[in-house]
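Here is the structure we will look at, set down as structure tokens.
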Amino acid sequence: MIKDQLRQQRIETPSWAYGNSGTRFKVFAQQGVPRDPYEKLADAAQVHRYTGVAPTVALHIPWDKVDDYEDLARHATEQGVTIGAINSNVFQDDDYKLGSVTHPDPEVRRKALRHLLDCVDIMDATGSDTLKLWFSDGTNYPGQDDIRARQDRLAEALAAVYERLGEEQRFLLEYKLFEPAFYMTDLPDWGTAYAHCLKLGPKAQVVVDTGHHAPGTNIEFIVAFLLREGKLGGFDFNSRFYADDDLMVGAADPFQLFRIMFEVIGGGGYTNETAFMLDQCHNIEPKIPGQIRSVMNVQEATAKALLVDRDALAVTQREGDVLGANAVLMDAYNTDVRPLLGELREEMGLAPDPMAAYAKSGYFEKIAADRVGGNQAGWGA
Ligand code: PSV
Ligand code: MN
């Protein structure tokens, strides 16, 4: 039963995780890194090949701009994956210094909106049903711009994108506490994102990037609340020690990841309607194994969350048995689920240890030898 649920898990990897990255201050080059979106998809297919649960890949526009998106989608299918969420990017243009859809100049706002609508065209061409919207909009100084007017501008742009969505399409609105703006962010928290989505309707949902909160925030509470309201669209999973560190998910706080998955399962969110995406970019580790590790970390947290004896938990909760209830949860968390996942992989025709299987495959040696010349892809380009 637990194995069946794990077999059906779907974790989406981000195209930008396969390009060069490093720290916020330096993008370090690695051997064999993709030179274009086609090679990124080939690498993402390796993650799916060894884990069996990562069949979709998120694109970031314009980092993954190509002439023919239908051809790119075909290539993905040939590699054994499909294209997932389309991530918009209105944060890397000189025009956006004071904001994109909230910019005081209507011309800049129009330009940003045009990009968002172009992203929906790309969804039509790739067959993707999810648009992910993140805005770097905000201000650095008190008085720099009018907070309320910026909310009006944001609402207007979101409504225009919402109108353009097809029947089967949706957008996920991403919030972030701070950065790059330091005084005020136009979408700083789940409440603001939720309020905008609620006004628009069912095709607008909130995405929780696990790195986008103040330290100590109870993220699983947000998850439980949004699920209850039908507004949890998905996750950008990553780990943080300090701020938006964008490290491998489950590396900093595997217990938090378990608590999140526990709420997801309890709230009925463990379905394909919820997008379980990775969003990692400040990584010095090798690209493909880094994604494999992250996928495995999500699988392990999920397996533990599925193991929680919910009947026993309900009894202890009803009886007000504080220690007993906590023990039920911790018993599941402290279970070593690696043998279970190894068995599952063998049943799926995979090697029990995806990291070892990938290392043995020779793929890295091949791309390191083949991908010589050209421009390596990198975060932000
Ligand atoms: C912003 O920090 C963010 O989380 C958004 O999802 C962007 O699209 C992504 O990072 C870029 O790495
Ligand atoms: Mn994100």
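The values are calculated or read from the model by the stated rules, or taken from the named source; none is laboratory data. Everything quoted here is computed from the prediction, not taken from an experiment. Backbone-built Cβ (ideal geometry, glycine too); neighbour counts: all protein chains shown. For accessibility, only protein heavy atoms count, side chains too; no ligands or nucleic acids. Shrake-Rupley method; radii C 1.70, N 1.55, O 1.52, S 1.80 Å.
Remarks
- Residue among Cys197, Gly266, Gln299 farthest towards the positive dipole end of the chain, charges placed on Cβ: Gln299
- Surface composition of the chain: carbon and sulfur atoms hold 53% of the protein heavy-atom accessible area at a 1.4 Å probe.
- Which listed pairs, of Lys65/Lys304; Lys65/Lys287; Lys65/Lys111; Lys111/Lys287; Lys26/Lys176, have C-alpha distances above 27 Å, in listed order: Lys65/Lys304; Lys111/Lys287
- Across the stretch 2-370, Cα pairs under 8 Å and at least six residues apart give a relative contact order of 18 percent.
- Couplings 3J(HN,Hα) of the stretch 154-161, computed from phi: 4, 4, 5, 5, 4, 5, 5, 5 Hz, in residue order, whole Hz [Karplus 6.51 cos²θ - 1.76 cosθ + 1.60, θ = phi - 60°; x for Gly and Pro].
- For the stretch 6-135, the residue among Leu116, Val53, Gly127 whose Cα projects farthest onto the positive side of the dipole built from Cβ charges is Val53.
- Taking the stretch 1-129 and dividing mean pair separation by its residue count, relative contact order in percent (alpha carbons under 8 Å, at least six apart): 22 percent
- Under Karplus coefficients 6.51, -1.76 and 1.60, residue-wise ³J(HN,Hα) of the stretch 190-205 in Hz, glycine/proline x: 5, x, 5, 4, 4, 4, 5, 5, 4, 5, 7, x, x, 7, 10, 9
- Packing-based ranking of 201-208, 369-376 yields 201-208, 369-376, ordered from highest to lowest mean Cβ neighbour count within 10 Å.
- Each Lys or Arg adds one and each Asp or Glu subtracts one; over the other residues with Cβ under 9 Å from the Cβ of Thr139, this totals -2.
- Dividing the mean sequence gap of close Cα pairs (under 8 Å, 6+ apart) by how many residues the stretch 148-201 holds gives a relative contact order of 30 percent.
- Fraction of antiparallel bridges per DSSP, the stretch 1-125 only, in percent to nearest 5: 25 percent
- Extension gain (nm, one decimal) between Met330 and Asp95, 0.36 nm per residue minus Cα-Cα: 79.6 nm
- Cα centre as origin, Lys/Arg/Asp/Glu Cβ charges: the chain dipole, Debye: 280 debye
- Charge dipole (the stretch 309-381, unit charges on Cβ, about Cα centre) - positive-most of Val322, Ala369, Met348: Ala369
- 3J(HN,Hα) along the stretch 110-116: 5, 4, 5, 5, 4, 4, 5 Hz, from the Karplus curve 6.51 cos²θ - 1.76 cosθ + 1.60 with θ = phi - 60°, whole Hz, x for Gly and Pro.
- Alpha-carbon centroid distance for the pair the stretch 12-83 / the stretch 165-195, whole angstrom: 24 Å
- Solvent-accessible surface of the stretch 2-370, taken per residue with a 1.4 Å probe and all protein chains present: 44 Å².
- Amide H contacts under 5 Å for Asp209, placed H, 5+ residues apart: Tyr175, Asp236
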